[in-house]
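Worksheet for the structure shown next.
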Amino acid sequence: MLLEDLKVVLKVAEFRNITAAAESLDMRTATASAAIKRVERSLGIELFIRTTRHLRLSVAGEKYIPNCAQALQMLDLAQQNVKDDLDIIDGEIKISVPSDLGRNLILPWLDEFMATHTGITLKLHITDSNIDFYRDPVDIAIRYGIPNDANLYGFKICNVPRVLCATEQYLQNNPQLKHPNDLISHNGLLYQLHDIIHDVWEFTEHGKPIKVKMQSNRSSNDADLVRRWCVAGKGLAVKSSLDMSHDLLNEKIVSVLTDFAPKPSELWLICPSRQTITPAVRLLREHLKTKCHAIFNQLIDKGILKKGGLE
């Protein structure tokens, strides 16, 4: 009996659906069905009762699946303990990253990480949407904002100041900006997530919030596209200072209204369970922290960020 087949059985038992389980494991439905049949043939019992519309555990399956899950968990733990003792960093990292940060910063950082730890393999999932760890084929996710699901394990990477930015040419061709309220006569480049357009920008003045509802002729659910519009001079954007760091450092864009800080964000590494927090994941988190702070130091040295904005 193959361990990989048992893992398929556990995933089907979790989803109560072969197709959903196969998608989660990044395999074809037929492959998952074949795995179930091999296990059932080896045991001489049916683990699932199948109908045209439903799939449920059989009586034998209800007894077998919990024991199987416990045995595989113990085996994984034993294998990991051996690797820890030998300082072996390997295995597959299935990670989801945001569109802009992922393409422009995290991708080269992952290349560096894999060059150091050659036993690591990578599956990269790029999306700005929230991750459903029970359906999406990923083990960890990098996301802006504090995780709001108490069932997930979150590890903060860093605080992330946000910036209001535009090109010099856009600023020269449009009304002068002295206060966030002046933004009402400008074009905002808006981010859209889950059909919600984030057209209210929030700033801080002497500790008090200022909210401005923006007019816009462009919005997108891809944060990388919002950045590209900004660099092309199509309007103003409120973005993560990490996302915009290369363009700010290369003076393709400038930070505007620096005395009125946009509401900051945080960058987190999110895991669905303790089992996914492997030594490789811990090392990756530290690698990302180091790289992020190196970017912030460059932005501070150039006067684009204030040091206090990282606290």
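The values are calculated or read from the model by the stated rules, or taken from the named source; none is laboratory data. A quick note: this is a predicted structure, and the numbers were derived from the prediction, not measured. Positions of Cβ are backbone-derived with ideal geometry, glycine not excepted, and every protein chain shown enters the neighbour counts. Only protein heavy atoms, including side chains, enter the accessible area calculation; ligands, DNA and RNA are left aside. Shrake-Rupley method; radii C 1.70, N 1.55, O 1.52, S 1.80 Å.
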Sole residue being of a type in the set (Phe, Trp, Tyr), more than 29 Å from Glu251 (Cβ to Cβ) and touching a Leu at 6+ places or on another chain (Cβ under 7 Å), chosen from Phe133, Phe155:
Phe155
For the range 46-69, name all the residues that are among the β-branched types (Val, Ile, Thr) and open to solvent by 60 Å² or more (accessible area, probe 1.4 Å).
Thr51, Thr52, Val59
Out of the helices (runs of 4 or more DSSP H) lying entirely within the range 1-45, which hold 1 or more residues that are at pLDDT below 85 and either more than 25 Å from the chain's Cα centre (by Cα) or under 22 Å from Val138 (Cα atoms) (or both)?
3-15, 18-24
Which condition does Lys239 not pass, out of (1) under 24 Å from Phe113 (Cα atoms); (2) under 19 Å from the mean Cα position of the chain (by Cα); (3) surrounded by 15 or more Cβ atoms within 10 Å (Cβ to Cβ), if it passes all the others?
(1)
When the residues of the range 155-208 are narrowed to those that are part of a strand (DSSP E or B) and free of Cβ contacts under 8 Å to residues at least 24 places away in the same chain, which ends up surrounded by the fewest Cβ atoms within 10 Å (Cβ to Cβ)?
Lys208
Residues in the range 47-70: is at least one under 22 Å from Lys123 (Cβ atoms), touching a strand residue (DSSP E or B) at 6+ places or on another chain (Cβ under 8 Å) and in a loop (DSSP other than H, G, I, E, B)?
no
May I ask you to verify whether Leu107 is part of a strand (DSSP E or B), modelled with pLDDT of 90 or more and surrounded by fewer than 20 Cβ atoms within 10 Å (Cβ to Cβ)?
no
Close pairs (6 angstrom Cβ cut-off, 6 or more residues apart or separate chains): in contact (Cβ under 8 Å) with a residue 24 or more places away in the chain and open to solvent by less than 50 Å² (accessible area, probe 1.4 Å) in the range 19-33, in a helix (DSSP H, G or I) and among the hydrophobic types (A, V, I, L, M, F, W, C) anywhere
Ala32/Val8; Ala32/Ile18; Ala32/Ala21; Ala32/Ala22
Could you go through the range 126-145 and let me know if any residue there is surrounded by fewer than 14 Cβ atoms within 10 Å (Cβ to Cβ), over 12 Å from the mean Cα position of the chain (by Cα) and free of Cβ contacts under 8 Å to residues at least 60 places away in the same chain.
no
With the requirement that a residue be surrounded by 13 or more Cβ atoms within 10 Å (Cβ to Cβ), closer than 30 Å to Thr204 by Cβ, over 16 Å from the mean Cα position of the chain (by Cα) and of a type in the set (A, V, I, L, M), what does the range 265-311 give you?
Ile295, Leu299, Ile300, Ile304, Leu305, Leu310
Looking only at the range 90-101, which residues are over 12 Å from Leu267 (Cβ atoms) and touching an Asp or Glu at 6+ places or on another chain (Cβ under 9 Å)?
Glu92, Ile93, Lys94, Ile95, Ser96, Ser99, Asp100
